[in-house]
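Read through the structure below, which is laid out as structure tokens, and then see the notes.
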Amino acid sequence: MAVEATAHKPDTTIDVALKIWRSSSATGERELKLYEFEAPEWVTLLDCLDIVKDRMDGSLAYRKSCRMMICGSCGMRMDGAAVLACKTRMYDIARSGHVPVVSAMGNLPIVKDLVVDMEPFWAKFKAMKPYLQPGYDQPEDGREHVISQERMNVIHKESLCINCGCCVSECNAWDAEPEFLGPQALAKGMRFVGDPRDAAKVERLDEYSGQHGIWECTRCYFCNERCPKGVDPRDAIAKLGAEAMKEGIDKDMGAKHANWFVTSAKTTGWLREIELLPKTQGVVSSIKEMKFAMGLLKHGKVPPPFPPHVAEGVKESRALYDLVKEQDRQGALGIVQGEHALGRLEHAHEVDEEEGAS
Ligand code: SF4
Ligand code: SF4
Ligand code: FES
């Protein structure tokens, strides 16, 4: 019987245009270069860089390895925001006619083109002592460490980090203060603080709460936004802060600030801002700011401190405080529980919308 030959169908192609910031390793001189080529419709940004390097300019430098979002090598910026090149599909971008600008990650020194020096990143990673302390405690023969799902939930997201540096690239606290430990290192720290097998939790929290640690984060949330693996490093930093305060490590002004939020909400049901400064910065600092505070008071920007205003729903606020204490939810567990509750609300909202639409 004659077999009908099936004609090979070529992939549908797209026209890609890219601008790449090239940078000389010898002089540091930079130049924005345009590359235009035809590519299969399934290409990622990394595939496009391979095409440029293979067919147009072999001197283009970038890092890659796994091509499947695992190794963390291909972090770079597209249109000013950090991406993993192997995760970034080009189809919609190319079809829209947009010409993206590709550049090296931010906050790390450029070595050449899209390659950055990761040394400052790894130095902070190492400073977190990213291993179990005092060492892995072997369970009895044939046994395994059994850890509850609830405990694992606390470090589930932190364990997904692939050390790509996308969060660091966008961190404005790091930009302002290069000594800041940064989102990746702190997320790694939380991965060990929350591990029930680690015996150095308090020492770690004390260390991470020092200068350039937890409380130096500006809470801009760019790290959450740019992380390609859903680690949410800002949430990890919030967990570290909550754990530090639970352990009574609250020397830093940021911790005192957070403590005052809790006390204020518990006692009066709202935030007594006028007392925020003396409670966090101390009396001497507050006296220096007195003129400013009086100005705010005069213009009705803050209510008078006496008699203290007590919110109508203060009982609910106090009950909530007692519940959190009673259930021991004031550390990282509380944050995870909050995340899950929000997730459930969002899910219920989506289901409602779908049911309403059908
Ligand atoms: S939230 Fe904090 S750690 Fe994350 S990018 Fe902003 S400043 Fe950096
Ligand atoms: S936290 Fe996310 S963005 Fe940061 S290094 Fe890990 S995987 Fe990359
Ligand atoms: S090449 Fe490994 S994460 Fe992109």
Sole residue being basic (Lys, Arg) and either under 18 Å from GLY106 (Cα atoms) or within 11 Å of ligand 1 (Cβ to nearest atom) (or both), chosen from ARG191, ARG219, ARG204: ARG219
Quickly run through the stretch 14-55 and pick out the residues that are in a loop (DSSP other than H, G, I, E, B) and touching a strand residue (DSSP E or B) at 6+ places or on another chain (Cβ under 6 Å). SER25, GLU41
Check GLY72 against each of (1) touching a residue at least 24 places away in the same chain (Cβ under 8 Å); (2) on the phi < 0 side of the Ramachandran plot and name the one condition it does not meet. (2)
Could you grab the pairs with beta carbons closer than 7 Å, sequence gap of 6+ or different chains, first residue in the stretch 142-168 and under 14 Å from ALA185 (Cβ atoms) and aliphatic (A, V, I, L, M), second one outside any loop (DSSP other than H, G, I, E, B) and within 16 Å of ligand 2 (Cβ to nearest atom)? VAL168/PHE121; VAL168/TRP174; VAL168/PRO183; VAL168/GLN184
Considering only helices (runs of 4 or more DSSP H) fully contained in the stretch 161-225, which possess at least 2 residues that are surrounded by fewer than 22 Cβ atoms within 10 Å (Cβ to Cβ) and away from ligand 2 (no atom under 14 Å from the Cβ)? 172-176, 201-208
Among residues belonging to the stretch 272-295 that are hydrophobic (A, V, I, L, M, F, W, C) and surrounded by 13 or more Cβ atoms within 10 Å (Cβ to Cβ), point out the one that is nearest to ILE335 (Cα to Cα). LEU276
Scan the stretch 49-80 residue by residue and report those that are more than 16 Å from ligand 1 (Cβ to nearest atom) and closer than 17 Å to GLY106 by Cα. ALA61, TYR62, ARG63, GLY72, SER73, CYS74, MET76, MET78, ASP79
Quick one: which residue in LYS256, LYS301, LYS291, LYS266 is more than 24 Å from GLY194 (Cβ to Cβ) and modelled with pLDDT of 80 or more? LYS266
Yes or no: the stretch 67-81 includes at least one residue that is away from ligand 2 (no atom under 16 Å from the Cβ) and assigned to a strand (DSSP E or B). no
Residue count for the stretch 231-264, restricted to those that are within 14 Å of ligand 1 (Cβ to nearest atom) and out of contact with any Cys (no Cβ under 6 Å at 6 or more places or on another chain): 8
Quick check, is ALA7 at pLDDT 95 or above, out of contact with any Phe, Trp or Tyr (no Cβ under 8 Å at 6 or more places or on another chain) and among the aliphatic types (A, V, I, L, M)? no
So which residues in the stretch 89-102 are surrounded by fewer than 21 Cβ atoms within 10 Å (Cβ to Cβ) and either under 17 Å from SER169 (Cα atoms) or modelled with pLDDT under 95 (or both)? VAL101
Members of the stretch 215-257 found to be away from ligand 3 (no atom under 16 Å from the Cβ), small (Gly, Ala, Ser), more than 14 Å from GLY189 (Cα to Cα) and touching a residue at least 12 places away in the same chain (Cβ under 8 Å), listed by number: GLY254, ALA255
Name the residues in the stretch 262-288 that are within 19 Å of TYR321 (Cβ to Cβ), aliphatic (A, V, I, L, M) and free of Cβ contacts under 8 Å to residues at least 40 places away in the same chain, would you? LEU271, LEU276
What residue, of GLY241, GLY248, GLY230, is within 11 Å of ligand 2 (Cβ to nearest atom) and either more than 17 Å from PRO130 (Cα to Cα) or modelled with pLDDT of 95 or more (or both)? GLY230
Suppose the filter is among the basic types (Lys, Arg) and either within 30 Å of GLN211 (Cβ to Cβ) or in a loop (DSSP other than H, G, I, E, B) (or both); does ARG95 pass it? no
Being away from ligand 1 (no atom under 16 Å from the Cβ), in contact with a Gly (Cβ under 7 Å, 6 or more places away or on another chain) and farther than 12 Å from ASP113 by Cβ narrows it down to one residue among LEU18, LEU46, LEU34, LEU84; which is it? LEU84
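The values are calculated or read from the model by the stated rules, or taken from the named source; none is laboratory data. Quick caveat: nothing in here was measured; it's all calculated off a predicted structure. Ideal geometry is used to build each Cβ from the backbone, glycine not excepted, and the neighbour counts take in all protein chains shown.
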